[in-house]
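K.L.:
After the structure tokens below, expect a handful of questions from me.
The values are calculated or read from the model by the stated rules, or taken from the named source; none is laboratory data. All figures in this text were calculated on a predicted structure; none of them were measured in a lab. Here the Cβ is made from the backbone with ideal geometry for all residues, glycine too, and neighbour counts use every protein chain on show. Heads up: the accessible areas ignore ligands, DNA and RNA and are worked out on the full protein's heavy atoms, side chains in. Shrake-Rupley method; radii C 1.70, N 1.55, O 1.52, S 1.80 Å.
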Protein chains: 2
Amino acid sequence: MKPTIKDVAKKSGVSIATVSFVINNSKPVSVETRNRVLKAIKSLNFRPSNSARDLVTGKTGNIGFILTDDHFLRTEPFYTRIFLGTEFEARSEGYYILLTTIKRDFKETDNLPRFIIDRNVDGVIVAGKVPHCFIERLSASNLPAVFIDYIPPKNDYPMVLIDNIQGALMATNHLISLGHTNIAFIGGGTEHPSWVDRLKGYKQALESSNIPIKNSLIVANDKFQGRQNGFNSAKMLFSKKNNITAVFAANDAMAIGVLKYLRDNGKRVPQDVSLIGFDDIEADLMLSPTLSTIRVPKLELGTEALKLLVNVIKSKKSLSKKILVPVELIIRESTSIYSPK
Amino acid sequence: MKPTIKDVAKKSGVSIATVSFVINNSKPVSVETRNRVLKAIKSLNFRPSNSARDLVTGKTGNIGFILTDDHFLRTEPFYTRIFLGTEFEARSEGYYILLTTIKRDFKETDNLPRFIIDRNVDGVIVAGKVPHCFIERLSASNLPAVFIDYIPPKNDYPMVLIDNIQGALMATNHLISLGHTNIAFIGGGTEHPSWVDRLKGYKQALESSNIPIKNSLIVANDKFQGRQNGFNSAKMLFSKKNNITAVFAANDAMAIGVLKYLRDNGKRVPQDVSLIGFDDIEADLMLSPTLSTIRVPKLELGTEALKLLVNVIKSKKSLSKKILVPVELIIRESTSIYSPK
DNA sequence: AAATTTTAGTTAAACGTTTAACTACTTTAA
DNA sequence: TTAAAGTAGTTAAACGTTTAACTAAAATTT
């Protein structure tokens, strides 16, 4: 059978309490006994029982990771990478991650994830946009929670966010520095803070370079943000005659849609139109040209969120800290210097 | 504080044992008391403590889900769907899933997932191909395990497999029924049972239609199985003059690579070449033409594996059952009737 | 009617930890 | 020299369940 703390105690000739102190560093133990205990632990291959420990401490050692199923199933491994960051960090922090999805159209009457109902987690991480009514239910459950890449309305949970404004600034400034002035923006709907901020950064960049902002160059009204949407938006923009020489798409998926539209319609990238995305989804290595973009450190989003959550759990204070994770400009083939015909 | 079984017992005027019997249906309880207890449970919003229960039963209520990180991060949400199937089924079975990845090049000396070392799972599900040495380490741990979509060498674990031969038969027969005879096969390396079986099905279909098998039409030597590989293989096939009119690619990712090669080289699909894949990764709705394929029921792979594992855990017998999940022919735009020029 | 079996419930031990309260020394302070 | 404080360890209770062993009453069999 699995060895218990008693076996260790017997083998090293001390009480089980002392063994516990050694395991948890919770009380001073003399060097000799500590070593004796450690040796016994090793030789018996002892591992403390989670359930016993959890029972007495009232903790579970688990953390829930929640996202909508469509986010989880996105073709770009964006949220999966974030999850992996969390999972990885959880290993060193000694937590287990319970991953579950909720429906994108979570209803008032839907069940919360079972680990919340059963209180089988010490806290949860919510990644990406989730329905309002889910957030309300979650907040009623009084569990510590941290949000990633989404600002929950009316709740001051701690958050780990992408520095969207800065990224959009970098992307737009990159295009400007290449000589472009007729720069289009393609974004998702305005109900998501990320798109709002990326648009904000775009505008700021233009302003500070004294380039007039033309609403005719901005498409940001769709609820979705996939390739199809990029394709459609590009169609809207390029069917009018407005001399666009560069496009900043608010994410790579849309950028790929734009790319497809341009290719289908005889525009060369980057010779005729420069194109930059956002996210760096390292999607398609076959993509040609390769896409300039703003790299979002996805693993880091996940690790930071876990660290933050562990802090909240341990301090028991509901610090409403916001961490803004910096992004990085990645220049590839899809952007080049403006060369008028 | 969280209500305990004692609170329920007090409220309903019975002993805690009776409450336990009601919760677990483990001993007959009269209808009246049962109802009284259930009412108390509901009104107190009582949920049994996992840790307490686990401690006494020696179970954990957790199941580990293991796959390599590159599988998890694949652009096609193939394994993520399988996971979702498992997770979904786990909800109704009352288990929690701990998802973790191992490295594709897992080394003898690498640590097993922490939940195995700590024995914090009652069993594990392994999805997709994993390194041999990992399997050996796993099997030394003596945990119940079920494999999905991979046949572990030298171990008779229970498995849930795709009916690859049948699928390949269906795909090839579909092409044959359209009048094609010069049908190429593009597969991955032969070290993976799936590719071997899909090739086998391809050959069987040709044989039973009395179409000679030409090795020049078969490319199956690469270790990887992505788009790039499909692209390269198509190049190899079509650069020789051999009148290929149809291609069966052993997965959709490779099929998409083939499609790209054909498009780049002026061949129309399906007018000039019919193309069918395998998996149905519902990748790119923008793909044109849409891809005929063999649908693999991914969720079902996951649910079946969980059911099987739960069976093993409960029966304590190491039944080495194999479940072959049926596939389905999905005809879309990329295959059409053979029309000689 | 007595003996036996069945049914519905109770009691108490056990699971493997953590930790508050205590003890017995040893060191330091007065 | 004695009292106080510090150190290193022990004892035992507690956490919230499950379950074996038991009891008392009811139902069935003889």
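K.L.:
Using θ = phi - 60° and the Karplus curve 6.51 cos²θ - 1.76 cosθ + 1.60, what whole-Hz ³J(HN,Hα) does each residue of region B:198-214 get, with Gly and Pro shown as x?
P.N.:
With the stated coefficients, region B:198-214 comes to 5, 5, 4, x, 4, 5, 4, 4, 4, 4, 6, 9, 6, 9, x, 8, 10 Hz.
K.L.:
Using +1 on the beta carbon of Lys and Arg, -1 on that of Asp and Glu, and nothing else charged, what's the dipole of the protein assembly as shown about the Cα centre, debye to 20?
P.N.:
Its charge dipole is roughly 1660 debye.
K.L.:
What value, in deg cm²/dmol to 500, does the helix sum -39500 (n - 2.57) over DSSP H runs of n ≥ 4 give at 222 nm once divided by the residues of chain A?
P.N.:
It lands at -13000 deg cm²/dmol.
K.L.:
Between copies, how far apart are the residue A:193 label points? List them in nm, one decimal, shortest first, with each point 7 Å from Cα toward Cβ, please?
P.N.:
Here residue A:193 shows inter-copy label distances of 4.8 nm.
K.L.:
Quick check: net charge around residue A:172, other residues with Cβ under 11 Å of its Cβ, Lys/Arg +1 and Asp/Glu -1?
P.N.:
Neighbourhood net charge equals +2.
K.L.:
Which lysines, on any chain, are close to residue A:267 with Cα under 17 Å apart, when same-chain ones fewer than 8 places away are left out?
P.N.:
A:235, A:240, A:241, A:341
K.L.:
Inter-copy label distances at residue A:33, 7 Å along the Cα→beta-carbon direction, one decimal in nm, shortest first?
P.N.:
Those label-point separations list as 4.7 nm.
K.L.:
Given axes a ≥ b ≥ c from the Cα gyration tensor, I'd like to know whether region A:141-217 is rounded (a/c under 1.5), prolate (a/b larger than b/c) or oblate.
P.N.:
Taking the square roots of the gyration eigenvalues as a ≥ b ≥ c, region A:141-217 is prolate.
K.L.:
Something else about it: Regarding region B:1-55, what is the average projected area of its C-alpha convex hull, in nm²?
P.N.:
3.6
K.L.:
Taking H placed 1.01 Å from N in the peptide plane, check which residues at least 5 places from residue B:62 or on another chain put their amide H under 5 Å from its amide H.
P.N.:
B:96, B:122
K.L.:
List, in order, the whole-Hz ³J(HN,Hα) value for each residue of region A:4-18 obtained from phi through the Karplus relation with A = 6.51, B = -1.76, C = 1.60 and θ = phi - 60°; use x for Gly and Pro.
P.N.:
10, 4, 5, 4, 5, 4, 4, 4, 9, x, 10, 7, 5, 4, 4
K.L.:
Using a ≥ b ≥ c from the Cα gyration tensor of the protein assembly as shown (square roots of the eigenvalues), is it rounded, prolate or oblate, where a/c under 1.5 gives rounded and otherwise the larger of a/b and b/c decides, a/b for prolate?
P.N.:
In terms of gyration-tensor shape, oblate.
K.L.:
Also, I was wondering about something else. Convert 25 °C to kelvin, take the viscosity as 0.890 mPa s, use the Kirkwood radius over C-alpha pairs of region B:98-173 as Rh, and evaluate the Stokes-Einstein diffusion coefficient in µm²/s, rounded to a whole number.
P.N.:
Answer from the Stokes-Einstein relation: 179 µm²/s.
K.L.:
Tell me, Kirkwood radius of region A:39-191 from alpha-carbon pair distances, in Å?
P.N.:
After inverting the pairwise mean of 1/r, the radius is 18.2 Å.
K.L.:
Along the charge dipole of the protein assembly as shown, Cβ charges K/R +1 and D/E -1, which of B:94, B:31, B:205 sits furthest on the positive end?
P.N.:
Result: B:31, furthest along the dipole toward the positive end.
K.L.:
Also, quick follow-up: Would you mind estimating how fast chain B diffuses translationally, via Stokes-Einstein at 20 °C and 1.002 mPa s with the Kirkwood radius over Cα pairs, in µm²/s?
P.N.:
Once the numbers are plugged in, D ends up at 95 µm²/s.
K.L.:
Out of A:186, A:82, A:313, any idea which swings most in a Gaussian network model of chain A, alpha carbons joined below 10 Å?
P.N.:
A:313
K.L.:
Scan around residue B:294 for amide H atoms under 5 Å from its own, H built in the peptide plane at 1.01 Å from N, and keep only partners 5 or more places away or cross-chain.
P.N.:
Amide H to amide H, under 5 Å and 5 or more residues apart or across chains, residue B:294 pairs with B:277, B:278, B:279, B:280, B:330.
K.L.:
Continuing with this model, one more query. What longest range of chain B stays clear of loop-exposed GluC sites (Glu not before Pro) (DSSP non-H/G/I/E/B, at most 11 other C-beta within 10 angstrom)?
P.N.:
B:192-341
K.L.:
What is the local net charge at residue B:280, summed over the other residues whose Cβ is closer than 9 Å to its Cβ (Lys, Arg +1; Asp, Glu -1)?
P.N.:
-2
K.L.:
Highest GNM mean-square fluctuation, chain B, Cα pairs closer than 10 Å: which of B:57, B:293, B:86?
P.N.:
Result for chain B, Cα springs under 10 Å: B:57 fluctuates most.
K.L.:
Taking the label point as lying 7 angstrom from Cα along the Cα-to-Cβ axis, what are the distances from residue B:333 to the corresponding position in the remaining copies, in ascending order and in nanometres?
P.N.:
Its label point is 2.5 nm from the equivalent points in the other copies.
K.L.:
Moving on to the next point. Comparing the chain by itself with all protein chains present, which residues of region B:95-112 are at least 10 Å² less accessible (probe 1.4 Å)?
P.N.:
Those are B:96, B:97, B:98, B:99, B:100, B:101, which lose 10 Å² or more relative to the chain on its own.
K.L.:
Right, here's the next one. If you take the square roots of the eigenvalues of the alpha-carbon gyration tensor of region A:164-296 and sort them as a ≥ b ≥ c, do you get rounded (a/c under 1.5), prolate (a/b over b/c) or oblate?
P.N.:
rounded
K.L.:
Select from A:196, A:216, A:232 the residue farthest towards the positive end of the dipole of region A:164-296; place +1 on Cβ of Lys and Arg, -1 on Cβ of Asp and Glu, and compute about the Cα centre.
P.N.:
Value: A:216.
K.L.:
Give me the accessible area per residue for the protein assembly as shown, probe 1.4 Å, as a whole number in Å².
P.N.:
45
K.L.:
In debye, nearest 20: dipole of region A:164-296 around its Cα centre with unit charges on the Cβ of K, R (+) and D, E (-)?
P.N.:
480
K.L.:
Could you work out how far helix A:78-93 tilts from the main Cα principal axis of chain A, as a 0 to 90 degree angle to the nearest 10?
P.N.:
20
K.L.:
Give the cross-link partners of residue A:317 among the lysines, using a straight C-alpha distance below 23 Å as the criterion and excluding same-chain residues fewer than 8 apart.
P.N.:
Filter leaves A:59, A:154, A:307, B:2.
K.L.:
Another one. Would you mind giving the total buried accessible surface between chains A and B, with a 1.4 Å probe and ligands, DNA and RNA left out, rounded to the nearest 100 Å²?
P.N.:
Roughly 3900 Å².
K.L.:
Helix A:298-315 against the longest principal axis of chain A: what's the angle in degrees, Cα atoms only, rounded to the nearest 10?
P.N.:
40
K.L.:
Sticking with this one: Quick one: which of B:103/B:314; B:203/B:223; B:203/B:260; A:103/B:260; A:129/B:260; A:321/B:42 span more than 28 angstrom between C-alpha atoms?
P.N.:
B:103/B:314; A:103/B:260; A:129/B:260; A:321/B:42
K.L.:
Taking the Cα centre of region A:5-48 as origin, sum charge times position over the Cβ atoms of Lys and Arg (+1) and Asp and Glu (-1), and report the length of that vector in debye to the nearest 20.
P.N.:
Taking the Cα centre of region A:5-48 as origin, the dipole is about 80 debye.
K.L.:
Give me, ordered by chain and number, the residues 5 or more places off residue B:323 or on other chains with an amide H under 5 Å from its own placed amide H.
P.N.:
Sorted by chain and number, the residues that satisfy this are B:159, B:160, B:161.
K.L.:
Quick one: among A:33, A:60, A:101, which has the greatest mean-square fluctuation in a GNM of chain A with alpha-carbon springs under 10 angstrom?
P.N.:
Of A:33, A:60, A:101, the Gaussian network model singles out A:33 as fluctuating most.
K.L.:
With everything on Cα atoms, drop me the angle between helix A:164-177 and the longest principal axis of chain A, reported from 0 to 90° to the nearest 10.
P.N.:
The answer is roughly 40 degrees.
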